[in-house]
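Chemist: Take a look at the following structure, please.
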Amino acid sequence: MKGMVFTEFLEMVETRFGLQTVDRIIGQAQLANDGAYTAVGTYDHQELVQLVTALSAATQVPVPDLIKAFGQHLFGRFALGYPRLFEGVDSAFAFLRSIERYIHVEVRKLYPDAELPSFTYERQGPDDLVMLYQSRRPFADLAEGLILGCIEHYGEAIDLRREDLETGATNRSRFTLTRRS
């Protein structure tokens, strides 16, 4: 997993819970590198799981809620840090439909070794979008948070429903988005 995910996570923790909490969770997570991450480095995704688990213990906020909140935070950081990915995109549906054919292509240019999840689309219409998420990593909560962040970014009234399909070697979830009238 790219280091920028780790640095952004620690930034979110510091902003929301304070620097003492950052220090505390790094100590509790017992990380091999003592929490020293660089944005361009690559790290085991299990370290993020360890950090989130330690944050959950410190704050009493459930792990899925923390990961979703991080996804929302991360989407906002992407919007600020990579504005050209948003050029000419006027809606959440348009952005989400562009993940595989544009967003992930651009991410791979920046980070050729990035292991990204895949999204396929089961149904697309003017008021609904059904996305199938698939990844080797157990981060459907992160994907859900990113989708929620996208909806928030575009300020649209969209309902999101998630159905987990399978876990194990491959994690799959279906996200159903419906625009409210």
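Quick note: the coordinates plus some simple rules give every number you see, no bench work behind them. The structure presented is a predicted model; accordingly, all values stated were derived computationally and were not measured. Cβ: placed from backbone, ideal geometry, glycine included. Neighbour counts: every protein chain shown.
Chemist: Rank by packing, highest mean first: peptides 125-133, 26-34, with packing defined as the count of other Cβ atoms within 10 Å averaged across residues.
Modeler: Peptide ranking by packing, descending: 125-133, 26-34.
Chemist: For the chain, take the longest principal axis of its alpha carbons; what is the angle in degrees between that and the long axis of helix 45-59, to the nearest 10 within 0 to 90?
Modeler: Roughly 80 degrees, rounded to the nearest 10.
Chemist: Further question on the same structure: Give me the log10 of I(q) over I(0) for the chain at q = 0.10, 0.11, 0.20 Å⁻¹, as the Debye formula computes it from C-alpha points; what are the numbers?
Modeler: Summing over Cα pairs of the chain leads to -0.40, -0.48, -1.53.
Chemist: Under 8 Å for C-alpha pairs, at least 6 residues apart: give me the relative contact order for the chain, rounded to a whole percent.
Modeler: Result for the chain is 20 percent.
Chemist: Pick from 19, 51, 96 the residue whose mean-square fluctuation is largest in a GNM of the chain, springs joining Cα atoms under 10 Å.
Modeler: 19
Chemist: Is any residue of region 145-167 close enough, with backbone N under 15 Å, to a label point placed 7 angstrom from the Cα of residue 16 along the Cα-Cβ axis, and if so, which?
Modeler: So the set is 145-150.
Chemist: Which angle between 0 and 90 degrees, to the nearest 10, do you get for helix 63-81 versus the longest principal axis of the chain when only C-alpha atoms count?
Modeler: 70
Chemist: Computed FRET efficiency, Cβ-Cβ of residue 137 and residue 84, R0 22 Å: what is it to the nearest 0.05?
Modeler: Computed FRET efficiency for residue 137 and residue 84: 0.25.
Chemist: Using DSSP loop states and a limit of at most 15 other Cβ atoms within 10 Å to flag GluC sites (Glu not before Pro), what is the longest stretch of the chain containing no flagged site?
Modeler: 1-86
Chemist: Now for a different question. In sequence order, what are the phi-derived ³J(HN,Hα) couplings for region 100-105 according to the Karplus relation 6.51 cos²θ - 1.76 cosθ + 1.60 with θ = phi - 60°, rounded to whole Hz, with x for glycine and proline?
Modeler: 6, 7, 9, 4, 5, 4
Chemist: Measure out, as a whole number of angstrom, how far apart the alpha-carbon centroids of region 1-70 and region 120-174 sit.
Modeler: Taking the Cα centre of each part, region 1-70 and region 120-174 sit 23 Å apart.
Chemist: In degrees, nearest 10, range 0 to 90: what is the angle between the Cα axis of helix 140-154 and the longest Cα principal axis of the chain?
Modeler: The angle comes out at about 60 degrees.
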